[in-house]
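These notes are about the structure you will find just below.
Coordinate-derived values only; no laboratory data. All figures in this text were calculated on a predicted structure; none of them were measured in a lab. Ideal geometry is used to build each Cβ from the backbone, glycine not excepted, and the neighbour counts take in all protein chains shown.
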Amino acid sequence: MSRCRWKKPVCRNQTHEISGFSLVEVLIAVLILAFGLLAAAQLLTMALGLDALARSKSTATLAAQNELDRLADLFRRNPMAEELTIGTHHAEELTKIRNPITQNVMNMYKITWLVSGIPDPRPGINPQGRIISVRATPMLTESAENTRSFKNKAIILNAVITTEPQ
């Protein structure tokens, strides 16, 4: 019976099990890793799209709120102003939201508002006020609405404006 020396990699008359991974096992592991990375990449792109949507909605809300504040101030000064007559109105120019650092236009909105009277079911009562609905619609260019996915949400804000104390 021959004896193996300690440093020899191969010994005679002894059985050795080779440990390690087979090629098939390595390929399966790489395939699972690739699918995991693809799923992570897809989640990342979706998160970026949702971030753009959140920014668009928040800036649209600010643009609509600014217009609503302007109309409320106008109503306090002149309740009979042309912009406050019952019907649909729109701003002459697009509202542009700029990057505060580079001054590049980030978003553009078309601002429209609907003015209606305040209904009162009591006979002979006609409240002095208006219901105003302001809509901020995202625009892709000066004349085309933005219909791209994750970036096309219009915002509508409603308010009741009166001269009577509440």
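Looking at Leu48, Leu33, which one is more than 17 Å from the chain's Cα centre (by Cα), free of Cβ contacts under 8 Å to residues at least 40 places away in the same chain and part of a helix (DSSP H, G or I)? Explain how you work it out, then say what you get.
Values: Leu48 fails: more than 17 Å from the chain's Cα centre (by Cα).
Going through Leu48, Leu33 in turn, the sole match is Leu33.
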Is it the case, given these coordinates, that Arg76 is touching a residue at least 60 places away in the same chain (Cβ under 8 Å) and of a type in the set (Lys, Arg)?
yes
Working carefully through the options Thr163, Thr88, find the one that is in contact with a helix residue (DSSP H, G or I) (Cβ under 8 Å, 6 or more places away or on another chain) and loosely packed, with under 13 Cβ neighbours inside 10 Å.
Thr163
When you check Ser133 against the structure, is it over 23 Å from Ser58 (Cα atoms), touching a residue at least 12 places away in the same chain (Cβ under 8 Å) and not β-branched (Val, Ile, Thr), yes or no?
no
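Could you identify the single residue in Ala39, Ala72 that is in a helix (DSSP H, G or I) and farther than 19 Å from Val160 by Cβ? Working first, answer last.
Numbers: Ala72 fails: farther than 19 Å from Val160 by Cβ.
Answer to the check: Ala39.
Every residue in the range 112-141 that is outside any strand (DSSP E or B) and surrounded by 10 or more Cβ atoms within 10 Å (Cβ to Cβ), please. Step through it out loud before you land on a result.
Going through the range 112-141, the residues outside any strand (DSSP E or B) turn out to be 118-128, 140-141.
Across the range 112-141, the qualifying residues are Ile118, Asp120, Asn126, Pro127, Gln128, Leu140.
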